[in-house]
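In what follows, a single structure is set out as structure tokens and then discussed.
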Amino acid sequence: TGRRTGVRLIVGGVLAGCLLAGCGDSGAAPVADATRSAPATGNAVDVMFLQMMLEQHRQAAVVLRMAAARAVRPEVRTMAAAMEATQRTEAEVMTDWLRRWGEPLAVDPTAHQAPDAHGGHDVLRGTTTADIELLESTGPDEFDRTLLNILVAHQHNAVELARMQRDGGSHPAITRFAAQIDRSRTAQIEHLLTLLGGTA
């Protein structure tokens with residue numbers, strides 16, 4: 001399949017890091033340039049997508065910092081560092097969009113959901129406090145496996161958010177950004193599963 005073809009292009013740590021860091025068409029950098037000619041504002045789904053992805057990135061940052069400090073396998077630490085760098089860049093782009101639109105950086109849980117949001121709040125599951133507590137309490141023998149399982153689920157959530165944007169968003173640059181996230185996270189999931197297969 002196309003997904004597995006993309007994964008087979010990962011040869012060695014350098015190319016794996018390049019993919020996970022968003023090289024080629026999977027990164028956030030082209031989106032920053034695209035905003036210069038993009039419409040001034042987006043619809044409710046565009047705003048919700050950006051807010052949810054920022055929250056998703058905040059959740060990931062906690063897990064990825066733990067990975068950098070505690071992961072046993074060097075390739076897992078490398079993967080976590082590449083993911084954190086990619087998401088930091090993406091967060092800067094998304095924060096800039098929301099601030100220029102005068103929108104809050106987080107979803108207001110008390111606000112009435114727009115009819116065209118397609119139940120988007122239901123997609124905001126991500127990594128929970130329980131997941132983080134589980135990882136904190138996991139010993140070295142099981143840390144990498146627990147970490148990788150949490151990250152696979154987390155990146156599946158990012159794909160769901162990207163497809164929510166694809167189905168309901170109106171801002172062309174943000175929809176392209178979401179498509180990049182979909183491709184990037186799908187490839188990351190494949191790589192995470194490969195790493196998971198190598199754990200004891």
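The values are calculated or read from the model by the stated rules, or taken from the named source; none is laboratory data. Remember, predicted model here, so these are calculated numbers, not experimental data. For neighbour counting, all protein chains shown are included, and Cβ atoms are generated from backbone atoms with ideal geometry for every residue, glycine included. Protein only, heavy atoms only, side chains kept; ligands, DNA and RNA dropped before computing areas. Shrake-Rupley method; radii C 1.70, N 1.55, O 1.52, S 1.80 Å.
Just a few scattered comments:
- Placing LEU105, LEU147, LEU196 in order of accessible area, with the largest value first and a 1.4 Å probe, yields LEU105, LEU196, LEU147.
- The modelled label-to-label distance for the pair ALA85/ALA179, using points 7 Å beyond Cα in the direction of Cβ, is 2.6 nm.
- Taking a point 7 Å from the Cα of ALA130 along the Cα-to-Cβ direction, none of the residues of segment 149-186 has its backbone N closer than 13 Å to it.
- Directionally averaged shadow of segment 128-200, computed from the convex hull of its alpha-carbon atoms, nm²: 5.4 nm²
- Most to least accessible of ARG185, ARG99, ARG73, ARG176 (protein chains only, probe 1.4 Å): ARG99, ARG176, ARG73, ARG185
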